[in-house]
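Structure, as structure tokens:
The values are calculated or read from the model by the stated rules, or taken from the named source; none is laboratory data. Everything quoted here is computed from the prediction, not taken from an experiment. Here the Cβ positions follow ideal geometry from the backbone for every residue, glycine too, while neighbour counts run over all protein chains shown.
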Amino acid sequence: MQENEKKVLLRIEDVKQYFPVKKTRFREKQRYVKANDGISMDIYEGETFGLVGESGCGKSTFGRTILQLYPQTHGAIRYQKDGEWIDLKAQDKESMRNLRRELQIIFQDPYSSLNPRMTVGQIIGEGLVSHGLFKRGDAGLKDYIVEIMEECGLPGYLFGRYPHQFSGGQRQRIGIARSLALHPRFVVCDEAVSALDVSIQSQILNLLRDLKEKENLTYLFITHDLSVVKYISDRIGVMYLGNMVEVSETEELFKNTMHPYTEALLSAIPTTDADDRKKERILLEGDIPSPVNPPSGCKFHTRCRYCQEICRQQTPELKDVGNGHRVACHFPLGKTEK
Ligand code: SF4
């Protein structure tokens with residue numbers, strides 16, 4: 001499908017999310033953690049958009065900001081519904097509550113996001129009742145919950161069990177069933193498989209893929225694991241210190257990597273392929289700098305092995321270099337002699 005034929009579900013325009021840092025006796029000037037620092041992008045209906053980057057780069061904040069769990073400091077997030085554009089930040093509490101049924105999240109740690117005093121049936125039923133899809137005690141409610149549980153690979157007879165009676169993978173299935181029972185259109189999967197063993201990870205990834213096809217869902221799939229994102233995503237965005245540094249279709253990103261940060265992340269993926277093993281592993285030196293006081297110019301310049309003088313002074317724009325492949329670098333790999 002051509003880029004211009006795709007239907008945009010969410011349009012994100014120059015979104016900034018700044019959190020104030022507590023003032024101290026020694027620092028009276030108000031400072032901010034710049035968790036998201038001017039992100040613009042579209043998310044297309046029916047795609048899985050993978051978002052990768054090291055911990056602390058602002059990925060989770062971005063997912064939560066889209067859902068208005070934190071209203072953005074600056075910019076706009078528009079959601080397209082029935083041909084109309086809805087500015088999410090401009091919604092009052094009640095309209096946002098109604099929209100939340102369509103805009104869901106699946107968390108990393110299924111255990112802490114499930115109420116230990118509620119049974120699986122109650123956990124899944126709670127959202128259905130609060131969004132008015134069923135009334136408490138409705139005859140069809142239990143049948144519907146059992147149907148959703150089975151669709152998510154949980155036998156229906158476990159309806160009355162409590163979260164602690166399940167394994168980690170099963171608890172993640174409960175979290176998925178709770179979100180999908182509401183028939184959302186868009187789901188943020190926030191490190192949804194990161195806490196699971198590798199064999200369970202692939203089962204949950206396959207479940208998410210199957211459900212996406214069946215329900216025509218759109219995912220924002222947040223992870224620090226590039227192998228996971230390669231497996232599940234149609235497009236990938238690479239984030240560094242609150243900015244998107246490279247965005248592309250998945251195959252293109254792996255074949256034709258253009259940002260030095262993406263190159264370093266890809267070189268660290270463990271591989272069994274003999275040719276890939278011969279490739280140089282690029283070590284990213286130092287920690288990710290502070291988002292309170294990020295480096296000038298290109299924020300990656302303090303760790304980039306291709307850094308030149310201009311990189312310290314001028315911030316590179318995220319530019320389209322063809323076929324929807326966008327990169328924010330003064331010297332994209334494969335495009336310029338360094
Ligand atoms: Fe490296 Fe310069 Fe590109 Fe930044 S702009 S990623 S410092 S080459």
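Could you say whether any residue in segment 21-29 is in contact (Cβ under 8 Å) with a residue 60 or more places away in the chain and buried (at least 18 other Cβ atoms within 10 Å of the Cβ)? Checked segment 21-29: no residue is in contact (Cβ under 8 Å) with a residue 60 or more places away in the chain and buried (at least 18 other Cβ atoms within 10 Å of the Cβ).
Any residue at all in segment 212-228 that is over 20 Å from the mean Cα position of the chain (by Cα) and not hydrophobic (A, V, I, L, M, F, W, C)? Looking for residues that are over 20 Å from the mean Cα position of the chain (by Cα) and not hydrophobic (A, V, I, L, M, F, W, C), one finds at least one in segment 212-228, hence yes.
Taken across segment 101-118, residues that are under 30 Å from residue 167 (Cβ atoms), touching a Phe, Trp or Tyr at 6+ places or on another chain (Cβ under 6 Å) and in a loop (DSSP other than H, G, I, E, B) do occur, with at least one present.
Residues are listed down the side, and each one gets a yes or a no for (1) touching a residue at least 12 places away in the same chain (Cβ under 8 Å); (2) under 30 Å from residue 215 (Cα atoms); (3) in a loop (DSSP other than H, G, I, E, B); (4) small (Gly, Ala, Ser):
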position	(1), (2), (3), (4)
12	yes, yes, no, no
16	yes, no, no, no
32	yes, no, no, no
36	yes, no, no, no
39	yes, yes, no, no
43	yes, yes, no, no
50	yes, yes, no, yes
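Kindly evaluate residue 83 against the criterion of being out of contact with any Pro (no Cβ under 8 Å at 6 or more places or on another chain) and either farther than 23 Å from residue 101 by Cβ or free of Cβ contacts under 8 Å to residues at least 60 places away in the same chain (or both). Working first, answer last.
Details: out of contact with any Pro (no Cβ under 8 Å at 6 or more places or on another chain): yes; either farther than 23 Å from residue 101 by Cβ or free of Cβ contacts under 8 Å to residues at least 60 places away in the same chain (or both): yes.
When the stated conditions are applied, residue 83 passes them.
Looking at 55, 60, 40, just one residue is surrounded by fewer than 13 Cβ atoms within 10 Å (Cβ to Cβ) and of a type in the set (S, T, N, Q), and that residue is 55. Consider segment 119-131 and keep the residues that are over 26 Å from the mean Cα position of the chain (by Cα) and not in a loop (DSSP other than H, G, I, E, B). The one that is surrounded by the most Cβ atoms within 10 Å (Cβ to Cβ) is 121.
Just the residues that are surrounded by fewer than 13 Cβ atoms within 10 Å (Cβ to Cβ) and either outside any loop (DSSP other than H, G, I, E, B) or without any contact (Cβ under 8 Å) to a residue 12 or more places away in the chain (or both), please, taken from segment 306-315. Result: 309, 313.
Return the residue satisfying two criteria in turn: it lies in segment 241-263 and is within 16 Å of the ligand (Cβ to nearest atom) and among the charged types (D, E, K, R), and of such residues it is nearest to the chain's Cα centre (by Cα). Looking at the filtered set, the residue picked out is 246.
Taking segment 204-305 and the helices (runs of 4 or more DSSP H) fully enclosed by it, the elements with 3 or more residues that are at pLDDT 95 or above and either farther than 25 Å from residue 10 by Cα or not aromatic (Phe, Trp, Tyr) (or both) are at 250-255, 260-267.
Considering each residue of segment 316-333, count those that are surrounded by 15 or more Cβ atoms within 10 Å (Cβ to Cβ), in a loop (DSSP other than H, G, I, E, B) and within 26 Å of the chain's Cα centre (by Cα), and give that number.
If we filter segment 316-333 for residues that are surrounded by 15 or more Cβ atoms within 10 Å (Cβ to Cβ), which is where we start, we get 316, 318, 321, 324-333.
So of that shortlist, the ones also in a loop (DSSP other than H, G, I, E, B) come out as 316, 318, 321, 324-325, 328-333.
If we keep only those that are within 26 Å of the chain's Cα centre (by Cα) too, we end up with 316, 318, 321, 324-325, 328-329, 332-333.
Count: 9.
Take segment 132-165 and flag every residue that is part of a loop (DSSP other than H, G, I, E, B) and either within 24 Å of the chain's Cα centre (by Cα) or without any contact (Cβ under 8 Å) to a residue 12 or more places away in the chain (or both).
Just the residues of segment 132-165 that are part of a loop (DSSP other than H, G, I, E, B), to begin with: 132-138, 152-155, 159-162.
Selection gives 132, 134, 135, 136, 137, 138, 152, 153, 155.
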